[in-house]
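Scroll down for the structure; my scribbles are underneath it.
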Amino acid sequence: MLTRREHSQCELLQKLTKKGYIEADINSLLEEFVALNWQSDERFAESYGRSRVQKGFGPIRIRYELRERGIETNIERVFDEQPDWDGLLMELHVKKYGGSPPENMKERAKQTRFFQHKGFTHDMIRHLFNQLS
């Protein structure tokens, strides 16, 4: 499993449990993997976070998805160099809506919901709309 992509310990535990392995055996195996540096939750979080940023997701969504995978960390600790969230949001707006400001409140609400679903904060979205105006 680890040859294809990074996995969190939680993911590996779930997958191996589904295959019928005993949890005590899995835990000792995971400890060995960590000791040999074959598995690292930090490496997984960085790799996963980077891939989600490239797909246009914001910090809230990435943090939520990492928690789902057993990684409890502050999003700032995931990245060596913080992404330019405002720049990413602007790129996403240009790609999805052409870069022009919303024409009315209904359109603004629709765009806001889309960006919130992608994981951007209300402050980031408000800043984007201020830049577009």
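The values are calculated or read from the model by the stated rules, or taken from the named source; none is laboratory data. Since the structure is predicted, the reported quantities are computational estimates derived from the model, not experimental observations. Heads up, the Cβs are rebuilt from the backbone with ideal geometry, glycines too, and the neighbour counts pull from every protein chain shown.
With respect to the conditions (1) modelled with pLDDT under 95; (2) of a type in the set (D, E, K, R); (3) over 29 Å from ASP41 (Cα atoms), GLU72 falls short on a single one, namely (3). When MET90 is tested against (1) within 23 Å of LEU132 (Cβ to Cβ); (2) outside any helix (DSSP H, G or I), only condition (2) is not met.
Condition check for GLN39 on (1) in a helix (DSSP H, G or I); (2) in contact (Cβ under 8 Å) with a residue 24 or more places away in the chain; (3) within 23 Å of THR3 (Cα to Cα): one failure, at (1). Residues that are surrounded by 16 or more Cβ atoms within 10 Å (Cβ to Cβ), out of contact with any Asp or Glu (no Cβ under 8 Å at 6 or more places or on another chain) and either under 28 Å from GLU11 (Cα atoms) or of a type in the set (Ser, Thr, Tyr) (or both) within the range 67-96 comprise ILE75, PRO83, TRP85, listed in sequence order.
Do we find a residue being part of a helix (DSSP H, G or I), within 30 Å of SER133 (Cα to Cα) and out of contact with any helix residue (DSSP H, G or I) (no Cβ under 9 Å at 6 or more places or on another chain) anywhere in the range 53-72? For the range 53-72, residues part of a helix (DSSP H, G or I), within 30 Å of SER133 (Cα to Cα) and out of contact with any helix residue (DSSP H, G or I) (no Cβ under 9 Å at 6 or more places or on another chain): present.
The number of residues in the range 101-119 being touching a helix residue (DSSP H, G or I) at 6+ places or on another chain (Cβ under 7 Å), more than 16 Å from ILE62 (Cα to Cα) and not in a helix (DSSP H, G or I) comes to 2.
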